[in-house]
């Protein structure tokens, strides 16, 4: 199914690019000299469709880099949370192993009544 959807998008896009290239075969002069446009020091003659496709590709790449850079905080937080979860899993495994060694089958009661207080109930009154 995924290959079908890929072909459904890629094939029409390829046909559009080919039609665009055939319709815009003429050469244009690209100048990189902002001070002398009549006789530029640095210029290139390229086909119009090549110029448009290259500029579009550069735009997609620059947009991807900007998005990647903007999401660095979320990636850092995800790595930190993954490390915390890994440490919590290791601590749980140690507690389970120590519980099995004592033979009681239950985890020891937390000190000072635990996270929800001495009553052992949460805010809505459910027993924990």
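Out of 31, 104, one residue alone is at pLDDT below 90 and loosely packed, with under 10 Cβ neighbours inside 10 Å. It is 104.
All but one of (1) outside any helix (DSSP H, G or I); (2) at pLDDT below 90; (3) touching a helix residue (DSSP H, G or I) at 6+ places or on another chain (Cβ under 9 Å) hold for residue 46, so report the exception by its number. Against the list (1) outside any helix (DSSP H, G or I); (2) at pLDDT below 90; (3) touching a helix residue (DSSP H, G or I) at 6+ places or on another chain (Cβ under 9 Å), residue 46 comes up short only on (2).
Being under 21 Å from the mean Cα position of the chain (by Cα) and assigned to a helix (DSSP H, G or I) is the requirement here; does residue 53 meet it?
Numbers: under 21 Å from the mean Cα position of the chain (by Cα): no; assigned to a helix (DSSP H, G or I): yes.
No, not satisfied.
The values are calculated or read from the model by the stated rules, or taken from the named source; none is laboratory data. Note that the coordinates shown come from a computational prediction; the quantities given were computed from them, not determined experimentally. Neighbour counts run over all protein chains shown; Cβ positions are idealised from the backbone, glycine included.
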